[in-house]
Amino acid sequence: MNVRLIMVFVSYAVVAVLILTVKKRTETVLGKAGSCRLLTPQSSRIPVHLIFILCFILISVLIIRDMGTMMNAVICAVAILGAEIGCRTKIYTNVAGIYEKGIIAEGRFIGYDEIKAIPSLLWEDRSETSNSMEIVTEQRGSVVVVFSSAEECAAAAAVLMELLPRFGK
């Protein structure tokens, strides 16, 4: 068996494992986050299932055509990374929101112990409508969380004020 076919089958296996572990990874994230206080699901611009199909098609190209060992490895790596991005999109867009132990937004979990400041909660004049909120964290720096509407952002700010009074006025 040649190296190209080994790369193809290993890539198929890795992508399949990534897709099959989405449910378990979602449960892990939700377990770390605690109970939901405000659900703010985000929409994905590209259907996640399409990303998974394209990853398998990309790997399948290598069965038809050999592009050299280095290029074959790059194509397999791109397919695996694409599948991981699709998995993260599926995990984090469906469960985005404010939770008891942190915030799930923008493809990541931000624990409350990691947050240094939330400048938008300190605004004196909340009449300015915005659908985004800046969160300053210890490790990631400034993270901007974008909500679907200004009302959703205001509801999230109210829940955060209730959960984290230290960031209020």
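The values are calculated or read from the model by the stated rules, or taken from the named source; none is laboratory data. These numbers come from a predicted model, not from an experiment. Backbone-built Cβ (ideal geometry, glycine too); neighbour counts: all protein chains shown. SASA here: full protein model, heavy atoms, side chains in, ligands and nucleic acids out. Shrake-Rupley method; radii C 1.70, N 1.55, O 1.52, S 1.80 Å.
A few notes on this one:
- Surface accessible to a 1.4 Å probe, per residue, for the residues of the chain, Å²: 57
- Under the membrane-span-like helix rule (DSSP H runs whose alpha carbons stretch at least 30 Å along the helix axis, mean Kyte-Doolittle hydropathy -1.0 or higher), the chain yields 69-94.
- Positive-end ranking of A73, A117, G86 along the dipole of the stretch 31-169, with charges on Cβ about the Cα centre, is headed by A73.
- Between V146 and E134, residue separation times 0.36 nm minus the direct Cα-Cα distance comes to 3.4 nm.
- Computed over the stretch 1-138, Kirkwood Rh from alpha-carbon pairs, angstrom: 17.4
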